[in-house]
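Student: My questions will all concern the structure given below.
None of the figures in this text is laboratory data; all of them are computed from the coordinates on show. These numbers come from a predicted model, not from an experiment.
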Amino acid sequence: MTAKLAHFVGRVEAALGDGADEATVLAAVRSAMSELVADDDWLPEAAAQPHPVHYQQFLLHKDPAARFSVVSFVWGPGQKTPIHDHTVWGVIGMLRGSELSQGFAKSADGMTPEGQIERLQPGDVVAVSPAIGDIHQVCNAFDDKVSISIHAYGADIGQVRRHVFDPVTGVAKEFVSGYSGVAAGARP
Ligand code: FE
């Protein structure tokens, strides 16, 4: 693990160590994430590879007790997520390129956009959680180049049962994201 990532992991461990409430943890992890994505000189090439068809999520670190995980999120040109939730806290830091995030609320009429589209630039940090807004859709802001963000989540996110939402009906479907390049059951 690179020194900068190890330093980040240490800061998250410290934030979680004394059983702080989520708001306190999020503030500390946001601060650590700001430091981590201030420089784009540490992400291993293997965790920066786009896929021609779909976005990639490479596991960078999993806490031994699965209290948190850290992932590089690699967007090929024009790639986007479905509308989805997380069910745990998440902190997103923009490392390279740019991404767009639109929040959604679930209503009787389906999924309703909530708030403005956020454009993340390198160094920007945002957070999600069931307490502060957990449903969004994210895309690469560019249709001609790769973008990469770093995500920390308050669980082993590759194994969390969460949901994607039909944009018209709002019907939720369960999914488990796994991690790119790692077969289920063989994850580190
Ligand atoms: Fe997300």
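Student: Name the long-range amide H neighbours of Glu99: under 5 Å, sequence gap of 5 or more, or other chain; modelled H, no Pro or chain starts.
Tutor: Hits under the 5 Å cutoff: Leu120, Ala141.
Student: I want to check a number: in the stretch 3-182, how many lysine pairs have alpha carbons closer than 29 Å, given a sequence separation of 8 or more or different chains?
Tutor: Qualifying lysine pairs in the stretch 3-182: 10.
Student: Continuing with the same structure: Once every Cα of the chain carries one equal point scatterer and solvent is ignored, give the base-10 log of I(q)/I(0) from the Debye formula at q = 0.09, 0.19 Å⁻¹, two decimals.
Tutor: Computed log10 I(q)/I(0) values: -0.30, -1.47.
Student: Please compute the Kirkwood hydrodynamic radius over the stretch 75-114, one decimal place, Å, based on all pairs of different Cα atoms.
Tutor: On the way: mean 1/r = 0.0798 Å⁻¹.
Over the stretch 75-114, the inverse of the mean reciprocal pair distance is 12.5 Å.
Student: Between His7 and Asp109, what is 0.36 nm times their sequence separation minus the Cα-Cα distance? Round to one decimal in nm. Walk me through the numbers before you get to the answer.
Tutor: Values: separation 102, 0.36 × 102 = 36.72 nm, distance 4.50 nm.
Gain on stretching His7 to Asp109: 32.2 nm.
Student: Ignoring everything except DSSP H segments at least 4 long, calculate the 222 nm mean residue ellipticity for the chain; use -39,500 (n - 2.57) per segment, divide by total residues, nearest 500. Can you show the working numbers first?
Tutor: Details: 2 runs with 30 residues, N = 188.
Only helices count here, giving -5000 deg cm²/dmol.
Student: Using only alpha-carbon positions, what ratio does the radius of gyration of the stretch 86-188 give when scaled by 2.2 N^0.38 Å? Let's see the in-between values first.
Tutor: Details: Rg = 14.5 Å, N = 103, 2.2 N^0.38 = 12.8 Å.
Rg over 2.2 N^0.38 Å, computed on Cα atoms: 1.13.
Student: So how far, in whole Å, is the C-alpha centre of the stretch 92-146 from the one of the stretch 11-45?
Tutor: 19 Å
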